[in-house]
Amino acid sequence: MLQEKIKELKKKRNAIILAHNYQLSEVQEIADFTGDSLELARIASNVKEDVIVFCGVHFMAETASILAPNKIILFPDMNAGCPLANTITAQDLRDLKEKYKDAIVVSYVNTTAEVKAESDYICTSANAALVVEKIPEKRIIFVPDRNLGYYVSKKVKNKEMIIWDGFCPTHQRILPQDIIRLKEEHKDAKIVVHPECRKEVLDIADEIASTSGILRFCKEDTNKKYIIGTEAGLLYRLRKENPGKEFILASPLAVCPNMKKITLEKILCTLENMEPQVKVPETIREKALKPIERMLSL
């Protein structure tokens with residue numbers, strides 16, 4: 001059986017499997033830890049195993065390499081990139097910094113290692129508002145997600161936000177009219193969405209949170225029905241952890257094809273061959289580590 005082969009080989013390689021909340025259900029099942037970007041970053045920085053098999057998208061494996069340089073980071077499909085991360089390059093950010101010399105750069109974790117290396121702080125969807133709020137400077141360059149930037153600007157009023165015009169295609173496909181229609185059909189449902197959603201969706205939500213925040217809110221909240229505005233993979237954990245509640249996906253289009261590229265077969269293959277590996281060059285890693293450490297210290 002495929003799962004048993006993976007478990008045997010994982011033990012032989014002294015490996016740990018980390019999976020993002022948007023991964024295929026069978027990948028989430030085989031993982032040692034499942035979580036959002038912040039949770040997985042913290043786990044990656046503290047693992048005892050020699051090998052990390054990272055099941056997510058490429059920037060996440062890079063972040064693990066930045067935080068755990070002495071570990072082997074296996075990434076089962078090198079084609080599993082992030083379109084949001086690809087909306088900005090390190091040169092784009094250098095140009096912004098040149099234009100706004102007095103601004104502090106806050107980069108969403110959904111960026112390449114090279115962009116992180118040009119940043120002052122990193123944030124995740126779970127802590128973006130907190131990071132921006134705690135920075136003493138008043139002018140913030142926020143990259144690359146315009147929707148998360150809008151959400152932060154609504155939460156933190158005393159900052160001037162210069163926001164890059166990037167977005168996540170998967171979350172952008174969740175439309176306000178889809179949610180309004182579902183709400184008419186399920187009047188007792190609460191609308192819970194990810195801050196990568198377009199601002200028209202954020203404005204009608206009952207709760208806005210990261211994937212871990214959505215999981216926590218739906219577990220602690222007393223309501224029984226929720227319209228969920230994020231990538232479809234999260235509904236697996238929501239239903240598993242809340243068997244007495246109903247979860248409705250806000251849009252059938254909310255599926256990230258890159259998050260679904262990693263399969264059990266590819267995990268087994270990468271453990272057998274010990275490749276492909278993700279390794280951030282040391283010169284970039286050292287620069288990228290500093291803004292991540294600043295985030296974690298907050």
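The values are calculated or read from the model by the stated rules, or taken from the named source; none is laboratory data. This one's a predicted model, so the numbers in the text were calculated from it and none came from an experiment. As a convention, Cβ positions derive from the backbone with ideal geometry for all residues, glycine included, and neighbour counts pool all protein chains shown. Heavy atoms of the whole protein, side chains included, go into the accessibility calculation; ligands, DNA and RNA do not. Shrake-Rupley method; radii C 1.70, N 1.55, O 1.52, S 1.80 Å.
Residues of segment 106-134 being part of a strand (DSSP E or B) and either of a type outside the set (A, V, I, L, M) or in contact (Cβ under 8 Å) with a residue 60 or more places away in the chain (or both), which ones?
Of everything in segment 106-134, those that are part of a strand (DSSP E or B) and either of a type outside the set (A, V, I, L, M) or in contact (Cβ under 8 Å) with a residue 60 or more places away in the chain (or both) turn out to be SER107, TYR108, TYR121, ILE122, CYS123.
Look at segment 1-27 and say how many of its residues are in contact with a Phe, Trp or Tyr (Cβ under 6 Å, 6 or more places away or on another chain) and either open to solvent by less than 10 Å² (accessible area, probe 1.4 Å) or over 17 Å from LEU264 (Cβ atoms) (or both).
Residues meeting the conditions: 1.
For ASN147, are the conditions met, namely being in contact with a helix residue (DSSP H, G or I) (Cβ under 9 Å, 6 or more places away or on another chain), within 17 Å of CYS256 (Cβ to Cβ) and not β-branched (Val, Ile, Thr)?
So ASN147 passes the test.
Look through segment 103-150, keep the residues that are of a type in the set (S, T, N, Q) and open to solvent by less than 30 Å² (accessible area, probe 1.4 Å), and return whichever of them is nearest to LEU298 (Cα to Cα).
Among residues in segment 103-150 that are of a type in the set (S, T, N, Q) and open to solvent by less than 30 Å² (accessible area, probe 1.4 Å), the one nearest to LEU298 (Cα to Cα) is ASN127.
Tally up the residues in segment 46-101 that are open to solvent by less than 50 Å² (accessible area, probe 1.4 Å), in a loop (DSSP other than H, G, I, E, B) and within 26 Å of LYS10 (Cα to Cα), please.
11
Picking from ARG146, ARG139, which residue would you name as being at pLDDT 95 or above and closer than 20 Å to ALA254 by Cα?
ARG146
Looking only at segment 214-227, decide whether some residue is of a type in the set (S, T, N, Q) and open to solvent by less than 10 Å² (accessible area, probe 1.4 Å).
no
Considering segment 6-40 alone, what residues qualify as being under 17 Å from the mean Cα position of the chain (by Cα), farther than 24 Å from MET295 by Cβ and part of a strand (DSSP E or B)?
ILE17
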